[in-house]
Amino acid sequence: MPLPPFRNEPEIDFSEPGNRAGFAAALERFRGQLGRTYPLVIGGETLETEAWFDSDNPAHPAEVVGHHASATPDQARAALEAGWRAFPAWAATPVEERAATLVRTAQAVRRRRTELAALMVYEVGKPWAEAEGEVAETVDLMEWYARQALELQDRDRLAKWPGELTQFRYLPLGVGVVISPWNFPLSLATGMTAGAVVAGNCVVLKPAETSSTTAAWLVEIFAEAGLPAGVINLLTGRGEVVGEALVDDPRTRFIAFTGSREVGVRIYERGSRVHPGQRWLKRIQLEMGGKNAVVVDETADLDLAADAITASAFGFQGQKCSAGSRAVLVAPVYDEVVGRVLERVSKIRVGDPVDPDVTLGPVIDGAAEEKILDYIEVGKREGRLLAGGERGQGEGRFIQPTVFGDVAPDARIAQEEIFGPVLSVIRATDFENGIAIANGTDYGLTGSFISRDPQRMSRARELMHVGNLYINRRSTGAYMGVHPFGGFNMSGTDTKAGGPDYLLFFVQGQSIAERI
Ligand code: NAD
């Protein structure tokens, strides 16, 4: 039966008292699940390991969210073998059935919606609305890719040739590796994995250590929804150990990675090496960091600009690849916009995101905290500190929302991804200079242009070299199926998650001609 047309999953409105009470209760209930043990899942079997690690709660670092098996390189090889054992049957499963499995999994995610959101509040410190929105995005990705897989098989774009029966079809690649980051622990692990499997591939999923519990839940849900054993194998463990083993292995057919530029570039180099016994060139997709700008001209609605800048810079503690970590303001409105941003920043509440009034939670781990605080020290030398600049109060890994003014376009805090609640404000002479500044980094992921002038908006469309350009809105908050997501230059290979072409990465086209 054909699937109904795609619709984005409605988000839950926490201004409704009933929804607030429901989620508060879910958070409380979830406490009972903290500290569970999660083994590896290889070929449908759970597997214990000698070494273990904990994923903790960044708002209370002593609280263990999940206790996880730490895989070895031998187990990485075993996971790839399990994938290859499952592959022939899964690849031969009709695409309608694969898509139906994904739709059933989306339904299972809907059923556990509040639990999954609660888990992300505890495991990665997401404020309520962000956690909830991510579950909705996860459902969207599953529903979207299910439809895309069906659409892919119906594409018939060939010209006719007399005397031949021709066909063009897409075949799955084989067994690939999905390496996911912690900042969208559910939706990014889902997007890459679901895209691969609905196209007929099998996967070894290696999630970030700090969000392994969310990934383990995802794999459980896929299994409950009827995905055959071995199609998704869960390999938790250290990136430099098992991630690397998977990248290097000649049995790996493709690698889908989302994470930092540093690790992405390393995977690109290592993954392109051809090892003895390897019968293909590994296909590699990399979605990496950003240093996104919100450009504001003098015709702009300045409240809209200040809202967009604040939301882009500080949403989820600035830990989004799409975060607008640079505000580029033309001189005539520079002071006014800075003033309005600072007013909004002063209202941000830092703390444990279990509290619904908290708008800025903790940063993910000790290493991130140290790195961000180091950048803040750099910022104090490079710019003028206008807000924040210190740790927040409490035992969690809290950092105050921090704003630096008068930052030079080539300063380190204007060029390097900080991945924390730090905004650099840069002065531009006019809007074209602003766009040139926005384009002046190695990255090219998202960008916003705020203006009331239609001609300038057209110029921004022509000139802003980013994968996702937003006009008169924040630089974050892409909806799947609506805003296909992926960056240019050092932001990645522009695979456009949630877009009409995403699944092409996971298939190879075969052309068949039969003489008649
Ligand atoms: P990270 O690069 O530190 O880790 C990502 C994944 O790579 C983790 O699973 C990690 O264990 C693994 N890994 C680490 N070293 C490895 C190695 N040597 N070989 C193989 N795998 C290895 O990134 P992170 O801190 O988890 O995520 C934050 C980064 O991700 C930021 O730079 C952010 O901009 C980026 N990001 C990009 C997008 C996008 O769509 N472009 C989306 C989300 C996050």
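Taken together, the values in this text are just the output of simple stated rules run on the coordinates, not laboratory data. Just so it is clear, the structure is predicted and the values come from calculations on it, not from any experiment. Reconstructed Cβ throughout: ideal geometry from the backbone, glycine too, with neighbour counts over all protein chains shown.
Taking a label point 7 Å from the Cα of D301 along the Cα→Cβ vector, which residues of the range 317-334 have an amide N closer than 14 Å to it?
So the set is empty, nothing qualifies.
Scan around L423 for amide H atoms under 5 Å from its own, H built in the peptide plane at 1.01 Å from N, and keep only partners 5 or more places away or cross-chain.
For L423, whose amide H was placed from the backbone, the distant partners under 5 Å are T402, V403, F404.
With a cut-off of at most 13 other beta carbons within 10 Å, and DSSP calling the residue loop, which GluC sites (Glu not before Pro) in the range 39-130 qualify? Please list them.
Values: sites: E45, E48, E50, E63, E81, E96, E97, E115, E123, E130; in loops: E48, E50.
Those satisfying the criteria are E48, E50.
Out of all DSSP beta bridges with both ends in the range 293-481, state the antiparallel percent to the nearest 5.
15 percent
At most 14 other Cβ atoms within 10 Å and a DSSP loop assignment: could you name the trypsin sites (Lys or Arg not before Pro) in the range 419-516 that fit? It would help to have the intermediate numbers written out before the result.
Details: sites: R427, R452, R456, R459, R461, R473, R474, K496, R515; in loops: R452, R473, R474, K496.
Those satisfying the criteria are R452.
Averaging over all projection directions, find the projected area of the Cα convex hull of the range 293-481 and quote it in nm² with one decimal place.
10.3 nm²
Kindly provide the helix-only [θ] at 222 nm of the chain, computed as the sum of -39,500 (n - 2.57) over DSSP H runs of four or more divided by all residues, to the nearest 500 deg cm²/dmol?
On the way: 15 runs with 198 residues, N = 516.
It lands at -12000 deg cm²/dmol.
Can you list the trypsin sites (Lys or Arg not before Pro) in the range 1-57 that are in a DSSP coil and have 12 or fewer other beta carbons within 10 angstrom?
R7
So if each residue of separation counts as 0.36 nm, and I subtract the Cα-Cα distance between R112 and F168, what length gain in nm does that give?
16.2 nm
Rank by packing, highest mean first: peptides 167-176, 261-270, 316-325, with packing defined as the count of other Cβ atoms within 10 Å averaged across residues.
316-325, 167-176, 261-270
Of all DSSP beta bridges in the chain, what percent run antiparallel (nearest 5)?
40 percent
Assuming a strict under-30 Å limit between Cα atoms, what lysine pair count do you get for the chain once near-sequence pairs (fewer than 8 apart, same chain) are dropped?
Final tally of qualifying lysine pairs is 28.
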